[in-house]
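The structure under discussion appears below in the form of structure tokens.
Readers should treat all values here as calculations from the given coordinates under stated rules, not as data from a laboratory. Keep in mind the model is a prediction, meaning the values are calculated, not measured. Neighbour counts are summed over all protein chains in view; Cβ atoms, including those assigned to glycine, are modelled from backbone coordinates with ideal geometry.
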Amino acid sequence: MKILVINAGSSSLKYQLIDMETEAVLAKGLCERIGIDGHLKHTPLVEGKEVFNEDLAMPTHSEAIAAVIDKLTSPQYGVVNSMKEIDAVGHRVVHGGEKFASSVLITDDVMKAIEECIPFAPLHNPANITGIKACQAVMGKVPMVAVFDTAFHQTMPGKAYMYALPYQYYLSNGIRRYGFHGTSHRYVSARCAELMGKPIEELKIVTCHMGNGSSLAAIDGGKCVDTSMGFTPLVGLPMGTRCGDLDAGVIQFLMHKYGYSIDEMLNILNKKSGVLGVSGVSSDFRDLDNAAAEGNERAKLALDMFQYWVAKVAGSYVAAMNGVDAIVFTAGVGENSSATRAAIAEYFGYLGVKIDPVANSKRGEDIEISTPDSKVKVFVIPTNEELVIARDTRDIVG
Ligand code: ADP
């Protein structure tokens, strides 16, 4: 069985074609500048086929999908003979609200429910819907599955997901914490249990997804019991450009003082804050590491804040779960920055965490970075959201 995994943004579309017999990626790629002019980078991962990296007109997502199918089936760049070899499509969908606690086969009713979640993710869900419709237009009756970023967090109890606001806002408007990066937290926690050789039902795990956007999750017995993002991905840790937790009074103060509109204010909180805002240097942790090494105090402060918040939130999850067996680092920063991991692990001394510096300096695969006598296991596990989407699609399409 071969499954096409699609992650559609408003002007971009990422894809992977995965052979489920071996779980090997046959080809991957990225369409960019959809609706503007259009560019496709298509990378086949089988021998003898060429990379395609050129501008292509893509007025809408339909032309983008058609270009992807064309390249996947082309003699020069392709990895399958015809579209008939693609058995199903798995779509990443950002917000499933309270309607979806797991992945589902896409039907007209499901499309309607995803549309109803647009107010919760006004930038993302419309793009995901466009991607699904474009695929349906180009691929006809090929079965399609939606995999939601929010679904894994639907097991959170009310005490974790409720905001202490008048209850009517939850009842009438669905104002609550939903959490994001669920597919990543689910993948790395399951993989952590495999690496430990124990059933996930017996484990308490804190997963730290640290990328441009960052979130932590507390996973007790395989179920998410808390996570750091909320109604939107703005809150929790300070991130690349997002502010993380913030007193609403600051928003009122700044809007009043500078006459910002709500859109201007949200643009500052989403795009100009986080480690970029504090350091004034960059949102990229590599740049911050370099600047801090050269003595830039604000870059050092931004890194210190990020590490402190990861440790603080992780500590609160140890309390929430009444213990912890393993801590997992993943995503861009978590997988690549041994210095950040080591600095965060310093805070976990009270848990009996001990890091092996040699293991922590390795890269690129699943690695246990704690020492054998560490009381809590610590792992680096590269995330693989596409594989989860493909597996769910296979399981549902059968
Ligand atoms: P996204 O949230 O956009 O999916 P990623 O998970 O790909 O992001 O993470 C991207 C971030 O990873 C970059 O902004 C960069 O800060 C960080 N990163 C990548 N490589 C390194 C590295 N070697 N050291 C430190 N940070 C890194």
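Counted without the sites themselves, the longest stretch of the chain free of GluC sites (Glu not before Pro) in a DSSP loop having at most 16 other beta carbon atoms within 10 Å is 99-293.
Could you work out the local net charge near Met305, counting Lys and Arg as +1, Asp and Glu as -1, over the other residues with Cβ closer than 12 Å to its Cβ?
Result for the local shell: +1.
Where Lys and Arg each count +1 and Asp and Glu each count -1, what net charge lies around Leu269 among other residues with Cβ under 14 Å from its Cβ?
-1
Averaging over all projection directions, the Cα-based convex hull of the chain occupies 21.3 nm² in the image plane. The stretch between Asn173 and Met111, if pulled fully straight at 0.36 nm per residue, gains 20.3 nm over its current Cα-Cα span. For the chain, the longest principal axis of the alpha carbon atoms and the long axis of helix 248-258 meet at an angle near 80°. The overall shape of segment 265-309 is prolate: from the C-alpha gyration tensor, with semi-axes ordered a ≥ b ≥ c, the ratio a/c is 1.5 or greater and a/b exceeds b/c. An ellipsoid equivalent to segment 81-168, defined through the eigenvalues of its Cα gyration tensor, has semi-axes of 30, 13, 9 Å when rounded to whole angstrom and sorted largest first. When a/c is below 1.5 the answer is rounded, else prolate if a/b is larger than b/c, else oblate, so apply that to segment 198-380 with a ≥ b ≥ c taken from the square roots of the Cα gyration tensor eigenvalues. Here segment 198-380 falls in the oblate category.
For Lys71, a cut-off of 29 angstrom between C-alpha atoms picks up these lysines, skipping any fewer than 8 places away in its own chain: Lys2, Lys14, Lys28, Lys41, Lys49, Lys84, Lys133, Lys141. Which translational diffusion coefficient, to the nearest whole µm²/s, is obtained for segment 2-148 from the Stokes-Einstein equation, given a Kirkwood hydrodynamic radius over C-alpha pairs, 4 °C and 1.567 mPa s? Answer, rounded: 84 µm²/s. Loop only by DSSP, 14 or fewer other Cβ within 10 Å of the Cβ. Give me the chymotrypsin sites (Phe, Trp or Tyr not before Pro) in segment 260-356 that pass, ordered by residue number. Nothing satisfies the criteria.
Please state the shape class of segment 163-288: rounded when a/c is under 1.5, otherwise prolate if a/b exceeds b/c and oblate if not, all from the C-alpha gyration tensor. It comes out oblate by the Cα gyration axes. On a 0 to 90° scale, report how tilted helix 262-271 is relative to the longest principal axis of the chain, with both axes built from alpha carbons and the result rounded to the nearest 10. For helix 262-271, the angle is close to 90 degrees. Seen against the Cα atoms of the chain and their longest principal axis, helix 124-139 is set at about 20 degrees. For segment 146-207 versus segment 352-394, the spacing of their alpha-carbon centroids is 20 Å.
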